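Every number here is computed from the coordinates shown, using simple stated rules; none is lab data. Everything numeric here is computed off the predicted structure, so don't read it as measured data. Cβ atoms come from the backbone with ideal geometry, glycine included; neighbour counts cover every protein chain shown.
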Amino acid sequence: MAISSYGSPTRIHAPDTKTLSTAGTKLDGGNVVSAGGRMLTVCALGSDIGEARAKAYAEIDKLQIDGAHWRRDIAHRAIGRS
């Protein structure tokens, strides 16, 4: 996941997200905010790659970050082979 407002801190609200790793973030007054560029990784486990992918994107859907964007094609080729 990346943020388009590079250099401008944007608050990251991640309710009940348990599979989130950050980079490119900082604490600002008790809030996690973006520090620009690529900033988050969301991971999940499942019984197969399709389930893991679905769970990871379900976690992404919980995030509230103005200006964030992310790829929606992760693992699509691997799912086609399974």
Matching residues, region 29-49, being surrounded by 14 or more Cβ atoms within 10 Å (Cβ to Cβ), on the phi < 0 side of the Ramachandran plot and not aliphatic (A, V, I, L, M): S34
Residues of region 59-82 being under 16 Å from S21 (Cα atoms) and free of Cβ contacts under 8 Å to residues at least 12 places away in the same chain, in sequence order, are D61
